[in-house]
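Student: Okay, here's the structure, questions in a sec.
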Amino acid sequence: MTQLPGPTPKKLGLVIDLDTCVGCHACVVSCKGWNTENYGAPLSDQDAYGANPSGTFLNRVHSYEIAPKDAPAQLVHFPKSCLHCEDAPCVTVCPTGASYKRADDGIVLVNEDACIGCGLCAWACPYGAREMDMDAGVMKKCTLCVDRIYNENLPEEDREPACVRTCPANARHFGDFADPESNVSHLVAERGGIDLMAEQGTKPVNKYLPPRPKTDAQPEAEIDVLAPLLSPVATEAHGFLGWLDKTLDKLPGGAT
Amino acid sequence: MHPAPSIILFTTLSGLGFGLLTFLGLNMPDVDGWVLFTFFFVGFALSVGGLLSSTFHLGHPERAWRALSQWKSSWLSREGICAVAALCVLGLYALLAIFFDTKVAALGFVGSALSLLTVFTTSMIYTQMKTVPRWNHWSTPLLFLSLSIGGGALLAAQTAVAGLFLLIATLTQAFAFWGGDRRFKDRGHSLKTATGLQNGELRLFEPPHTGTNYLLKEMVHQIGRKHAQRLRVLGLVFGLALPTVLLLSQTVGHVLAGLIVVLHVGGVLALRWLFFAEAEHVVGLYYGKHG
Ligand code: SF4
Ligand code: SF4
């Protein structure tokens, strides 16, 4: 059913740390890899080696430049995937019941056998988290690696979403937001985690940690540690060089 | 939003068709036999043709029947149910009226109500989208309903009613243009709320990919917006205002009525194209648009 289940006992989701993300796109690649080989239809590409390539991705990394008035400009890399919203508008618009939010852990999924590919759910999502697969004709979205996190065939340390497992900067964290003692709840409390486009009323589960302000920029003199080594050795020329300097100055067009 | 031809045709034709069926169910015009058959034929052809063309944009049309299942939450599902119910009820009414010369008024009345409900549910599919502020407003159902009733009355040769509802449609459309141009900003959506990056000047430095993707093609459509102003005037004047004036100012003969229908349908197609092409989806913010 595409009615929402109401509050779920577990709220599984991600914390994304905009301070530490280095924009390497490793999560994008690992997500595409895992979700092409596992749950549901593979994530297809169109014209992959041609002039106008495009394809289905469940996770994409944008980059923004932010220029505060009183501090140096910063580059912020911004990974974005489904936020597994509590009031998910993508679920309620679905006419077939293909889109649903799981009552036990809050993960938002698509049953690809029931999806007619009408695309309405992608319209309803403010975040661009759903993409129609052009080969399979069904809607694809982040599954929070539902086929990893409960998978007892995987070693314990691999039972987290592929993007989290891969991130070399440790910018992605997976956990239960319903548990105030979980790693993700602590991170959100300590770092002031925020909702994206809160005015849309979707109540996203995933939270973003804002970049720490870089206000402690060093005074210029201290930054330039090599300056003493590079300063001119002699300010006034003597001997042959001094004579040459003066002679050249006397020529027409020389220093006055 | 991407102005898919199948959706533009569907909403325009089925809107007209269900508008016409609304009047036929109310026994307007009061005709029988082959004349009534022709009226119903046009009504069903438009509404069913529209419905069929809307399935062309589905990834899996063969599963379309599943779309009838989620009426509790989904406007698209409700639309499907209302459409099927309206066509069944009015089909039976038409059968009895044309071939057995019995007009069951109650049946026709229910069919009319279901036809209007179908148009209303169609409009709510767009109206419910908070992600598209231009649509997310009461003027959207008013526009769809007034266009459908006005156009339907025109086809059903009810000139006075047609004039009245096309007048409402003209005013609603003008208001929708005016209000729609402001709503995105008024709702407070910006790249800052989208990213939560608040302190400082913010701009897109690099998109996530060098090529295009489904999101950009489907929801960040911007081609042809430069013609928008001209199309607005053309659609509003020739599709709505001029027909209104003609319908309300004189007795309309067959030739003039035909001309008005052509003007009106052409105008509504242009306006419906704009309805999609001009609609800004908030996801564009992440790609540096609408800012
Ligand atoms: S991020 Fe989009 S797709 Fe995911 S639950 Fe929220 S509205 Fe639905
Ligand atoms: S595209 Fe599939 S999942 Fe999305 S609303 Fe349509 S039927 Fe439901």
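The values are calculated or read from the model by the stated rules, or taken from the named source; none is laboratory data. Here the structure is a predicted model, which means the values were calculated and not measured. We place every Cβ from the backbone using ideal geometry, glycine too, and count neighbours over all the protein chains shown. Areas reflect the complete protein model, heavy atoms only, side chains present, ligands, DNA and RNA absent. Shrake-Rupley method; radii C 1.70, N 1.55, O 1.52, S 1.80 Å.
Student: Whose amide H sits under 5 Å from the amide H of residue A:138, counting only residues 5 or more places off or on another chain, with H placed in the peptide plane?
Tutor: HN-HN under 5 Å from residue A:138: A:133.
Student: Follow-up question, since we're still on this one. Lysines near residue A:32 by alpha-carbon distance under 30 Å, same-chain residues fewer than 8 away left out - which ones?
Tutor: A:10, A:11, A:80, A:101, A:140, A:141, A:203, A:207, B:130, B:192, B:217, B:289
Student: Here is a follow-up. Two decimals is fine: what's Rg over Rh for chain B, C-alpha atoms, Kirkwood radius as Rh?
Tutor: 1.03
Student: Hey, can you rank B:102-111, A:147-156 by average C-beta count inside 10 Å, highest first?
Tutor: Highest to lowest by the protection proxy: B:102-111, A:147-156.
Student: Through the Karplus equation 6.51 cos²θ - 1.76 cosθ + 1.60, θ set to phi - 60°, convert the phi angles of region B:95-101 into ³J(HN,Hα) values in whole Hz; use x for Gly and Pro.
Tutor: Calculated HN-Hα couplings, in order: 4, 5, 5, 7, 9, 10, 6 Hz.
Student: Run the numbers on region B:75-113: which residues show a drop of 30 Å² or more in accessible area, chain on its own versus all protein chains together, using a 1.4 Å probe over heavy atoms?
Tutor: The answer is B:76 - residues whose exposure falls by at least 30 Å² when every protein chain is included.
Student: log₁₀ I(q)/I(0) of region A:12-209 at q = 0.12 Å⁻¹, via Debye over equal Cα point scatterers, no solvent, to two decimals?
Tutor: -0.61
Student: Also: I'd like the chymotrypsin sites (Phe, Trp or Tyr not before Pro) in region B:25-57 restricted to DSSP loop residues with at most 15 other Cβ atoms within 10 Å, sorted by number.
Tutor: Sites meeting the loop and neighbour criteria: B:56.
Student: Same structure again: Just from its helices, what would the mean residue ellipticity at 222 nm be for chain B, if runs of 4 or more DSSP H residues each count -39500 (n - 2.57) and the sum is divided by every residue, rounded to the nearest 500 deg cm²/dmol?
Tutor: When only DSSP H runs of four or more count, the value is -21500 deg cm²/dmol.
Student: Could you tell me how many degrees, from 0 to 90 and to the nearest 10, lie between the Cα long axis of helix B:254-277 and the main elongation axis, the longest principal axis, of the Cα atoms of chain B?
Tutor: The angle comes out near 20 degrees.
Student: Specify the angular offset, from 0 to 90 degrees and rounded to the nearest 10, of the alpha carbon long axis of helix B:159-186 from the longest principal axis of the alpha carbons in chain B.
Tutor: Around 10 degrees separate the two axes.
Student: Just the Cα atoms of region A:10-70, one point each, no solvent: what log10 I(q)/I(0) does Debye give at q = 0.21 Å⁻¹?
Tutor: Values, matching the q order: -1.02.
Student: Which far-off residues, 5 or more places away or on another chain, put their amide H under 5 Å from the one on residue A:62, with H placed in the peptide plane?
Tutor: Those lying under 5 Å, H to H, from residue A:62 are A:78, A:80.
Student: Quick one: compute a quarter of the convex hull surface over the Cα atoms of region B:1-128 and quote it in nm².
Tutor: 8.0
Student: OK, next. Debye sum, Cα scatterers, region B:164-291, no solvent: what log₁₀ I/I(0) at q = 0.18, 0.20 1/Å?
Tutor: The calculated log intensity ratios at q = 0.18, 0.20 Å⁻¹ are -0.99, -1.12.
Student: Let me ask you something else. Interface B/A, total buried accessible area with a 1.4 Å probe, nearest 100 Å²?
Tutor: The B and A chains share an interface burying roughly 4600 Å².
Student: In whole percent, and with a 1.4 Å probe on the protein chains, what portion of the accessible area of the protein assembly as shown is carbon and sulfur?
Tutor: Carbon and sulfur together cover 64 percent of it.
Student: Continuing with the same structure: Translational D (Stokes-Einstein, µm²/s) of the protein assembly as shown at 4 °C and 1.567 mPa s when Rh comes from the Kirkwood sum over C-alpha pairs?
Tutor: 48
Student: In square angstrom, what is the accessible area per residue of region B:1-128 with a 1.4 angstrom probe?
Tutor: Accessible surface, normalised per residue, equals 43 Å².
Student: Give, to the nearest whole percent, the P(r) tail of region B:40-195 beyond 22 angstrom, counting all Cα pairs.
Tutor: Everything past 22 Å amounts to 53 percent.
Student: Would you compute, from DSSP H runs of 4+ residues alone, the mean residue ellipticity of chain A at 222 nm, taking -39500 (n - 2.57) per run and dividing by the full residue count, rounded to the nearest 500?
Tutor: Calculated mean residue ellipticity at 222 nm is -5500 deg cm²/dmol.
Student: Shifting gears a bit: Could you derive backbone 3J(HN,Hα) for region A:98-105 from the dihedral phi with the Karplus parameters 6.51, -1.76 and 1.60 (θ = phi - 60°), listing whole Hz in sequence and x where the residue is Gly or Pro?
Tutor: 5, 8, 8, 10, 5, 6, 8, 10
Student: Continuing with the same structure: What are the ³J(HN,Hα) values, in whole Hz, obtained from phi via the Karplus relation 6.51 cos²θ - 1.76 cosθ + 1.60 with θ = phi - 60°, for each residue of region B:27-42 in sequence order, with x given for Gly and Pro?
Tutor: With coefficients 6.51, -1.76 and 1.60, one gets 6, 10, x, 7, 10, 9, x, 5, 5, 5, 4, 4, 4, 5, 4, 4 Hz.
Student: Same structure, new question: How large is the accessible surface per residue of chain A, computed with a 1.4 Å probe and reported in Å² as a whole number?
Tutor: In whole numbers, chain A has 49 Å² accessible per residue.
Student: Region B:125-157: which residues show an accessible-area loss of 40 Å² or more, assembly versus chain alone, 1.4 Å probe?
Tutor: B:129, B:130, B:131
Student: I'd like the mean, over residues of B:187-194, of how many other protein chain beta carbons sit within 10 Å of each residue's own Cβ.
Tutor: Whole-number average of other-chain Cβ neighbours for B:187-194 is 4.
Student: Given a Förster distance of 35 angstrom, what is the FRET efficiency for residue A:150 paired with residue B:226, based on the Cβ-Cβ distance and rounded to 0.05?
Tutor: 0.10
Student: Identify all aspartates and glutamates with a Cα-Cα distance to residue A:246 below 18 Å; exclude those on the same chain that are fewer than 8 residues away in sequence.
Tutor: A:236
Student: Considering only the other residues whose Cβ falls under 10 Å of the Cβ of residue A:42, what net charge follows from Lys and Arg at +1 and Asp and Glu at -1?
Tutor: -2
Student: A follow-up question, please. For residue A:14, enumerate residues with amide H under 5 Å from its amide H, sequence gap 5+ or separate chain, H modeled in the peptide plane.
Tutor: For residue A:14, the qualifying residues are A:206, A:207.
Student: GNM, chain B, Cα, under 10 Å: largest mean-square fluctuation among B:13, B:166, B:246?
Tutor: Taking springs between Cα atoms under 10 Å, the residue moving most is B:246.
Student: Oh, and also: Output needed: percent of Cα pairs per 10 Å distance bin for region A:1-126, bins running from 0 to the one holding the longest distance.
Tutor: With a bin width of 10 Å, the distribution comes to 11, 31, 35, 18, 5, 0.
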